[in-house]
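See structure below.
The values are calculated or read from the model by the stated rules, or taken from the named source; none is laboratory data. Given the structure is predicted, the values throughout are model-derived calculations rather than measurements. Note that each Cβ is placed from the backbone with ideal geometry, even for glycine, and that neighbours are counted across all protein chains shown. These area figures cover heavy atoms from the full protein model, side chains too; ligands, DNA and RNA do not enter into them. Shrake-Rupley method; radii C 1.70, N 1.55, O 1.52, S 1.80 Å.
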Amino acid sequence: MPNKEGGYGGYQPKEKRSRQVKAPGSGGVRRVTPGSQPVQQVRQPGTRPSAEPRNVYRAPYAPPSADAADGWQSPPQPPRTAQQPAADPSRQAMRAAARRARQARRMRRRLTLIGTGLCILIASGVITAFLPADSNETDDLIQDGDTTQLTNSVVAPLPYQGNSGSSAETVDWGDVGPTRQTENYTYTAAPETPSAVPEFGKVDLSWFDDAAFLGDSLTVGYTEYSIDVGDALVCAYEGASPNDIVNRTTMTSDVRGEEIPLDVLAQAQPKKLYVLLGANSLAYSTTNDEGFLNYYGRMLDDLIAALPDTTIYVQSVLPVQAEAQADMPGLSPDRVSTINASLSAMAAEKGCLYLALNEALVDENGYLRSDYAQPDGLHLSGTGYSAWVDYLCTHVPYDKDNPYQVGSTCYLSDEWKELISDLS
């Protein structure tokens, strides 16, 4: 306010004691206070220094008229605005953490959806790979209950009926399965009565747990070489022939001592019986075919009567090695082939199953393979017995309940067995 003399002196308002003004063209700020005070120029970063000397003394604060007279004017002042409060660092950190949490949740949801989709696709692919291609058609057949249409279907092991008018129709060959199982599990019926049990997959050794073996010194090798045939009963006797079984001759077993073979078998009642006899009857004579076949037929009749629930497998007579034919002329390839043809027909007539064992153990000329034979040319080596057992494991009548090895062409899972049982 002006004093009594009209001038400005003495008490000054508080707000006018000190103020900051921007020097024109300098980019700096100077503070003007009453009295003669040095003004320190302050330069902002990024601006060029003013040409004005650093220490400049100006007159004390004067009213606008004095400033104008001095040749200097105050720059226009920007409008005053409310000062924004400084941001709280802790709040900014909380907001940043919340943003990161939301982004993490969104990412987890995306990953979960993607993972679920991939799992569904993989599961669908696996199921599709194991399902048969024509599963829809099979389901329709099952729902309709018409199993007669399943000849070439996924669940179609059909009972073998034999040829019309054939004397072999009485032979029960079991259910006919595939000689080779396809990826669609297709089964086909045999076109005619086979002369020997064909190859149907491969069973494991538990197949022989309820089986028995009846034979001569060739079969004795099962115990001598400790050949693994499960828990099979081995009735093997050196020098045995079909007439010894018919005449109920007391024979000597390496395992149990003296016994009558037919009595031992009748007491055991095996589910399967493998018979191999003939070498002792045929080896040294070439003119006794009729007598041998007569005793063989009577032996089968006695076995069938004593073992009514047993499946009897007639195994083909084996020839000798080429070097041994001179000592055992009765076991030449030609004669053995003739005898085996008669045994095959006899087995079919009496309801037994015939096994063409020669297929696995003879060479291209019909002789016993040298790598399967002992030095005497008649008995088998350990390798020969392995080939023999392998042949028996791969030549069994097809049955869905057989203990097929995993990977066998006839192997069925429990689910498929149950499905087939529902249709039978």
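Here are the numbers:
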quantity: Residue, surrounded by the most Cβ atoms within 10 Å (Cβ to Cβ), within the stretch 191-234, restricted to residues that are of a type in the set (G, A, S) and in a strand (DSSP E or B); calculated: A212
quantity: Number of the exception - T170 against (1) open to solvent by 40 Å² or more (accessible area, probe 1.4 Å); (2) at pLDDT 90 or above; (3) over 30 Å from G407 (Cβ atoms); calculated: (2)
quantity: From the options Y385, Y404, Y398, residue that is closer than 23 Å to Y225 by Cβ and of a type in the set (F, W, Y); calculated: Y385
quantity: The stretch 235-259, residues that are surrounded by fewer than 15 Cβ atoms within 10 Å (Cβ to Cβ) and touching a helix residue (DSSP H, G or I) at 6+ places or on another chain (Cβ under 7 Å); calculated: E238, G239, R248, D254, V255
quantity: Matching option when the condition is under 25 Å from S332 (Cβ atoms), surrounded by fewer than 21 Cβ atoms within 10 Å (Cβ to Cβ) and modelled with pLDDT of 95 or more, among L307, L293, L276; calculated: L293
quantity: Residue match in the stretch 316-330 (condition: of a type outside the set (V, I, T), under 30 Å from Q267 (Cα atoms) and not in a loop (DSSP other than H, G, I, E, B)); calculated: no
quantity: Within the stretch 345-391, considering residues that are assigned to a helix (DSSP H, G or I) and more than 27 Å from E323 (Cβ to Cβ), the one most open to solvent (accessible area, probe 1.4 Å); calculated: E349
quantity: Some residue of the stretch 331-344 being of a type in the set (K, R) and open to solvent by 40 Å² or more (accessible area, probe 1.4 Å); calculated: no
quantity: Condition broken by A283, with the remaining ones in (1) aliphatic (A, V, I, L, M); (2) in contact with an Asp or Glu (Cβ under 9 Å, 6 or more places away or on another chain); (3) at pLDDT 95 or above satisfied; calculated: (3)
